[in-house]
Each structure stands twice: as C-alpha cells, then as structure tokens.
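Remarks on the structure that follows.
The values are calculated or read from the model by the stated rules, or taken from the named source; none is laboratory data. Note that the coordinates shown come from a computational prediction; the quantities given were computed from them, not determined experimentally. Cβ coordinates were reconstructed from backbone atoms using ideal geometry, including for glycine residues, and neighbour counts include every protein chain displayed. Accessible surface areas use protein heavy atoms only, side chains included; no ligands, DNA or RNA. Shrake-Rupley method; radii C 1.70, N 1.55, O 1.52, S 1.80 Å.
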Amino acid sequence: MISLIAEVVNSKGIKLDRLENLEVKRGTALVKRGFAHMQKHGVIMDVTSIEQAQIAEEAGAVAVMVLDKLPYDVRKAGGVARTASLKVIEEIMDHVTIPVMAKCRIGHTYEAKVLEAIGVDMIDESEVLTPADEERHIWKWDFTTPFVCGARDLGEALRRIEEGASMIRTKGEPGTGNVAEAIKHIRIVNNEIRRVKSIYESGDQQELIRIARELKVSYELVEEVGRLGRLPVVNFAAGGIATPADAALMMNLGCDGIFVGSGIFKSEDPLERAQAIVIATTFYDDPEVVAEAQKMIDEKKSMIGMDIKTLELRMQERGTS
Amino acid sequence: MRPVIGVLALQGAIEEHLAMTKLAFKDMGIDGEIIQVKKSSDVGRINGLIIPGGESTTIGRAASMSQLLQLIKQRISEGMPVLGTCAGLILLAKSVYDRVLGKTEQPIIGLMDVVVERNAFGRQRDSFEADLDIPIIGDKKFKGVFIRAPAIREIGPNVEVLCKLGGVIVAVMQDNIIGTSFHPELTNDSRIHQLLIKKVRLL
C-alpha cells in the first residue's frame, strides 16, 4: 500500500531473474521504496570505521551510512570530498547485520555504479561531498539499488523523486551540530504540501498544473502529493541533529526517521548518545521518555555547534536544480 | 467479540500495517479497532498483534527496554494471535542466524519453533517481488515483496508451511502464530491480514 507514482516501468534498474524456477523482479519502485519504508521511525548513523559501525548497531541504529570523513571534518579539511574507500565499506558490510549505505557525489554516476557493484544497500547522492555535476543529478532509475537525496523544499524533493530517488531527507546544514536549518527545511516542505493538498481538495486542477510548472515537475507528482497530503516516499530529517531532543523535535514535525551525521561520533559520549537518540526517535511523542533519553547525554560532551550565519560553505546550496 | 488489533509501533512499517488492517476489516465487512502498541499498558487492550517489518535488532532492543517484549511473549504463549512480517518473523523465531555473520545476539520473543536465516536472499540489490501461491488464502496469487528478507530454514513438528518459494519456506503458521518472510503491508492485498483477524474472531 505504498505510492508507486512516477515509476519508470521499463527502467534499466529493473532486473528480471529466476529464483528456484520462479520469476522474480528486482529494483522495482515497490522493492526500492519498500526498503526505505522499513527504515521508518529509525536512526541512520554516519560512520567512518568498523568500530563506529558496531557502536551504531549496538545502539539500535536501523542502518549505517559510510563516508570517508564525518561532515564536520569535511568542512575542516576542505578540498574535494569523494565517496569513501570501497575497502572500508566492504569491511563494514562484513561486520554488521543492519543495512549499509554510502554517499556518492551529486551527479557522479560512476561513484554510484561502483557502490552498487560492491552491494551497498542504499546510495545517498549527497551535498556533503563535492558535487560532480551541478546541472544534472544521477538518473537513479538506471540503478537496482535505491537512492536517498536531500531537499530543502517541495520542488527539490519532487525533482529528486522524478529522477528516481526512493527516499528523501531534509538537507539541513550538515556538520554544524545546528538543527535550525533542518527545521527550516521540513517546515517549508510541510507548508508547501499543505497548500497543494488544499488546492487538490478544492478540485482546482489548473492551479495544480501551475504549481507543477513552478516546481518544474510533472503534474502527476503534484497531484499525488495533494491526494496523500505528504511526500509519496519516506522522508527523513538530516543535517545538524546532535541531541535526543533534536531528534524528537524533527519526528514531531512529521519526519519519518532521523539521519545523524557528525552529532554522534564528534561528541565525547558516542555510545550513550547513539542509544539516547534512538530512544528519543522511537518515543518522540512521549516527553517523559525523551527526557530520560536526554539525561543519558552530557551537554558538555556535545559537539561544538556552528552558527549558520558565519559559515563559509553552505552545503545545502549544492545540487538544487 | 469486537477484534482489537495492535501494531507494535516501535520501528518499521507501522503506518503501512495500520492501513492494511483497516483495509482487511473493510474487505471482511466487520467492525474492528486498530491501535498502536508502544507501552506495556497497550498490551492488555488487544486481542491480536502485528509485529511489522523493519530492523529486527532495533525493534527487539526497543521492546526489551521496558516490560513490553516480556508481556507480548506472555500473551502470545497464552494464545493471542500474532502476525510477524520479515523482522516480525525474526522476532518470533526460536533461533536466528545471519547469512554472513552467523549467530546473532539480539533480543527475540522466540516462541515459534523455526530456525530463521537473516538476509537469506542477499543484500538490498537482491531484494525482489514475485507472485506467490499461498493456498490457505485462496487461488489468487499474492504479491510477495522480499526486502533483505529472511528465510525459514528449519521447522518443528507443529509448524505448518503456508508458502514456499521454490524450495525455500517463506510463510509459516504454528497455532496462533503466523510468520512471513515478505511484506504484505506493502501491497494492496489484505488476505494475510484477514487470516490474522479470522484467528482473533475464533477466540
């Protein structure tokens, strides 16, 4: 019972195969978006090593996201940020039972191809890495592996879905430990969805077409958003989440789950913090449980945050077309 | 008795199961209630339970933080009907191992006499959909959605096989417990959910 809107039914990513004499289909929107649905209400944690991946699994993460450097360190290091070493990704896949995701550069089809070849469970076409093509994102329908992409507003989200993304996340401002931008992005998306829904319910098709043109996406996608009153794929929060209360807030704003980047492993209490963020995400609607989770961490051990206004690099402005 | 179906609402495809249960009630033309089971106090209110797909380690850990896992185990052992899909099947199984990592240390309910292999069909790129024959729900094929799915490798004497994918067992029933490797909540077909509701109505 999930939306399959905008699926390219004859895409290269769909593979027909036989399993024990039964015809099976891999890489369909149902199978790819379905994977994202299994991550809901969970926490996906950025990791750079086997040890961090095992801490994440132990803490109850639903998946790990492998990258070469945590977003905070990407900011510090400067230069070009690329996909992680395949050897590290493969080692992590051999050491945890939960799904292993990895990031590739925006528009870098071949980083994505190699990640698919080694068998990562989901690819994040991410603004945390240096974009390879600002004009065009990857055509994700060509892949059997599902993709997640960042978005700051409804137009970005729907354009990514039209290109084949099976999951969306807010961009926020990665590596800052500052949740403000993630809040801003989910509010924008929510407000735009509310507007589309009310127009859909009023039956004003012409206005929906006008919105589709404004957002540079197909009419059918806008109509589906109106019908569902939400994005047609799973939508997580990401970019600046550092504490259990941050996670609970994002869940209460309607996100389906949480990505934590630098927030855990740039803190001084990673295991406790990872556990606490998982608890707060699960029980986001119960302030007493979230308070218990918040007690598990020490604010003195949180990563030092950054004020968005003084940033030299705004990762969220990458890959918006 | 008016059926009250609970969906274990810690992690995974919770809303999808809530919607499918609603559809199953509608398809059966009966009046039933659906609630989310998140706290120990919710367990007493239900007379049937669904354990959704998601990550079994995450769901098991969250359920064992409180008395929830223990209370659910008690109700199931007393005969409360339960449906476990994918991660839910893993949590119900007596014994679990991972295809690559071997024996897993994870909290489980462990009441179904089956041995389950996690990630048995491979990683996400190997995930698939296939039309299945499940005689107990009728002749019409059922769309099986297998996502990093587990397989049932051994079954005890009281376990009935509901569906096989070639030689691999992918759906089973043991008295009040139903387990599937696949995700009926991702389809539009409520027949597996109806099977659970029928069990609840027989109580």
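So the values come out like this:
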read-out	value
Using θ = phi - 60° and Karplus 6.51 cos²θ - 1.76 cosθ + 1.60, couplings along region A:21-29 (whole Hz; Gly, Pro as x)	6, 10, 6, 10, 10, 10, x, 6, 4
Calculated from backbone phi, Karplus (6.51, -1.76, 1.60) coupling profile of region A:249-258 in Hz, x at Gly/Pro	4, 5, 5, 5, 7, x, 6, 8, x, 10
DSSP-defined beta bridges in the protein assembly as shown - what % are antiparallel, rounded to 5	40
Relative contact order (%) - region B:4-201, alpha-carbon pairs under 8 angstrom, separation at least six	21
Extension gain from A:Asp298 to A:Asn191, taking 0.36 nm per residue of separation minus the Cα-Cα distance	35.1 nm
Cα shape, region B:1-157, gyration tensor, a/c 1.5 rule	oblate
Accessible area of A:Glu299 in the full protein assembly, 1.4 Å probe (Å², nearest 10)	120
10 Å Cβ neighbours from other chains, averaged over peptide A:21-30	6
Three-way shape call for region A:115-215 based on the alpha-carbon gyration tensor, with the a/c threshold at 1.5	oblate
For B:Ser41, solvent-accessible area (1.4 Å; no DNA, RNA or ligand), Å²	80
Helix-only [θ]222 nm of chain A, DSSP H runs n ≥ 4, -39500 (n - 2.57) each, per residue, nearest 500	-12500 deg cm²/dmol
Taking chain A and dividing mean pair separation by its residue count, relative contact order in percent (alpha carbons under 8 Å, at least six apart)	19
Sparse-neighbour loop sites [GluC sites (Glu not before Pro); region A:1-104; at most 12 other C-beta within 10 Å; DSSP]	A:Glu20
Length-normalised contact order for region A:7-95 - Cα pairs under 8 Å, 6+ apart - percent	21
DSSP bridge pairs, region B:4-201: antiparallel proportion in percent, nearest 5	50
Assigned charges on the beta-carbon of Lys, Arg, Asp, Glu; chain A dipole about Cα centre (debye)	700
Karplus (6.51, -1.76, 1.60) ³J(HN,Hα), θ = phi - 60°, over region A:161-169, in Hz, Gly and Pro reported as x	5, 4, 7, x, 5, 9, 7, 10, 9
B:Lys164 long-range amide H proximity, modeled H, under 5 Å	B:Val170
